[in-house]
Amino acid sequence: MTTKSPTSPAPTRSPAPNGNHPSQGAGGRMPKPAPTPRSAPNTVQMDTGIDDLIDPTTLEAGAPTFPLGQWFNGDSKLTKVGGVAYTGGFVIPFTTKRGKRIVENIPADFDLPGFERTTVGFENGMEQTCLAALAADIAIIRFRRCVTKLANGKRLYLPWASYWKAYDADPTAFKGWRGKYQVLAVFRTAPTTPFAVTFTGTNSQALDTGLAAIDELVAVTGKALGATKPLPRFAVWATVRVGEHVIPNAEYTSKTTPPVVVTPEATAHTFVGRENLQAFTRLWHAATPWVEAYANPTDVEGANGNGNGNGHSEPSETEPEF
């Protein structure tokens with residue numbers, strides 16, 4: 001038979017001289033334990049070597065978006081109505097359409113000196129509250145363009161280069177397309193808010209022609225400033241105003257109001273200034289993905305329209321993010 005040893009009693013501490021347990025204070029109360037030091041929640045500690053772990057090539061960023069504006073064709077039949085509805089000019093809507101949603105384009109209290117608040121009726125039948133002006137001083141930061149066409153009730157889009165490549169191969173297959181020219185511009189009266197301003201059809205051609213006059217002004221301004229390097233186009237303010245009602249060519253049956261570029265001789269007045277020149281230079285670089293969204297349709301879902309992700313031959317029903 002096996003005999004089990006009796007279980008040893010749990011060790012105990014001898015009572016303190018006052019009769020209390022050593023862990024108890026006077027009066028028999030247990031002292032409050034000291035708090036354990038710990039870092040505050042969500043606190044990031046300084047890491048002096050963190051830069052060595054970062055690979056800048058892994059950073060991804062989408063194309064920036066900007067408030068939209070457009071060059072509006074005035075209607076010569078609206079003489080009594082007057083304003084931009086008759087003359088045409090710059091219009092900046094307070095709301096715009098992104099996909100199927102109506103979203104804010106500019107804040108309801110946005111103020112742009114030189115522009116007035118008005119209601120504008122567009123060719124799609126919609127009326128919108130806009131800021132409008134017959135003329136404005138602008139600095140042109142960058143531009144991009146594509147071509148567009150309305151076919152069977154659907155708006156189609158093609159990249160600029162793809163359109164001309166296809167047109168050269170078969171001009172008869174590409175009738176009815178018109179250019180969509182978008183300028184990233186800053187208005188002189190609001191130099192910290194860039195706008196993407198759209199010019200379509202022959203109005204885009206008129207603005208394209210006007211760029212030559214702006215380039216001449218840039219050269220003269222650079223010489224007056226004593227610059228030894230060529231100035232960028234956005235170094236000057238150029239006035240763009242509305243032109244007369246004209247029928248652009250034989251393909252048109254209605255009149256347009258093309259933009260006219262005015263380049264004053266006062267170069268001191270046309271230079272954007274050192275601070276703006278630096279800010280516009282940063283904006284030029286930041287807008288590169290915005291430009292490429294037109295030039296590279298595979299950057300935009302469905303933009304090449306044929307679903308293979310590498311061909312540009314088929315027009316798309318999906319407008320790139322403008």
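Can you flag which of K100/K175; K154/K175; K77/K175; K100/K180; K100/K149; K97/K149 are past 25 Å Cα-Cα?
Details: K100/K175 28 Å; K154/K175 16 Å; K77/K175 28 Å; K100/K180 21 Å; K100/K149 19 Å; K97/K149 18 Å.
Flagged as over cut-off: K100/K175; K77/K175.
Applying 1/(1 + (r/R0)^6) with r as the Cβ-Cβ distance of A169 and T79 and R0 = 41 angstrom yields a FRET efficiency of 0.35. Report the residues of the range 43-75 in range of a label on E292: point 7 Å along Cα→C-beta, backbone N strictly under 16 Å from it. Only 56-65 fall inside the zone, counting backbone N under 16 Å.
With the simple model of a label 7 Å out from the Cα in the direction of the Cβ, F122 to L59 spans 3.4 nm. On the basis of the beta-carbon distance and an R0 of 51 Å, L150 and T228 show a calculated FRET efficiency of 0.55.
Starting from the range 96-191, pick out the GluC sites (Glu not before Pro) whose DSSP state is loop and whose Cβ has at most 14 other Cβ atoms within 10 Å. Could the numbers behind the result be given before it?
On the way: sites: E104, E116, E123, E127; in loops: E123.
Counting only loop positions with at most 14 other Cβ atoms within 10 Å, the GluC sites (Glu not before Pro) in the range 96-191 are E123.
Rule-based calculations on the coordinates, nothing more; no lab input. In this text the structure is predicted, and so the values were computed from the model without any measurement. Glycine also receives a Cβ, built like all others from the backbone with ideal geometry; neighbour counts cover every protein chain displayed.
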